[in-house]
Structures are given as C-alpha cells and as structure tokens.
C-alpha cells in the first residue's frame, strides 16, 4: 500500500515546491540580483558599499519584506548561503 502512495506524495511535494517558487517572481528576480551583486563584487567594493545609503529600489524591497513575513522568509532562504559566504570571505562577519 505505501509503495503505491509514495509516488503521489513525491509528486505533490514537487508541485508545492514549484508553486512556492513561482509565488514571488519579482522577489526571485531581486534575490538573484542581490546574489549576483555579492558574487561579482570584490571585498573592497562591499566594504565601501556598507556605509552608503540604499537606492530607492532597495528601500522599496525592504519595505515589501517588512510587510510580508512569508516573502521575507523566501527571500532570505534564497540569498542566505551565497551572501553569508561572501561576507565571511571578506571579513564582514566573524
């Protein structure tokens, strides 16, 4: 019995993962840009950017993320590993 159910459970899980990824297309685009920014920047560029004010677009994204906890979770889950690794490499976090 469980052998028959397993393929259906796996298919349902994959469909739900696809729906979650497609739920925030703007967020995916912005998360990809953030990751590209960190991966394409030198450590010196990241150190200089720390003190500069955020662009209007970045401020809008931050406001959206503050207002929607699910969107914020999806965003952080997408950028956390690559951004944290780069920050660690550059000495921006201990």
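None of the figures in this text is laboratory data; all of them are computed from the coordinates on show. Treat the numbers as computed from the prediction; the structure is a model and nothing was measured. We place every Cβ from the backbone using ideal geometry, glycine too, and count neighbours over all the protein chains shown.
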Worksheet item: In whole Å, what are the Cα extents of region 24-89 along the three principal axes, biggest one first?
Response: 32, 24, 16
Worksheet item: What is the spin-label model distance, in nm, from residue 80 to residue 68 if the labels are put 7 Å beyond Cα along the C-beta direction?
Response: 2.0
Item to complete: Only Cα pairs under 8 Å and at least 6 apart count here; give the relative contact order of region 24-89 as a rounded whole percent.
Response: 59
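Which ordering of 86, 54 is given by a fewest-first count of other beta-carbon atoms within 10 Å?
Result, fewest neighbours first: 54, 86.
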Worksheet entry | Order of 34, 83 - criterion: other Cβ atoms within 10 Å of each residue's Cβ, fewest first | 34, 83
Item to complete: Work out how much length residue 89 to residue 45 would gain on full extension: take 0.36 nm times their residue separation and subtract the Cα-Cα distance, in nm to one decimal.
Response: 14.5 nm
Discussion item. Along the Cα→Cβ direction, 7 angstrom out, place labels at residue 57 and residue 34. What is the inter-label distance in nm?
Written reply: 1.5
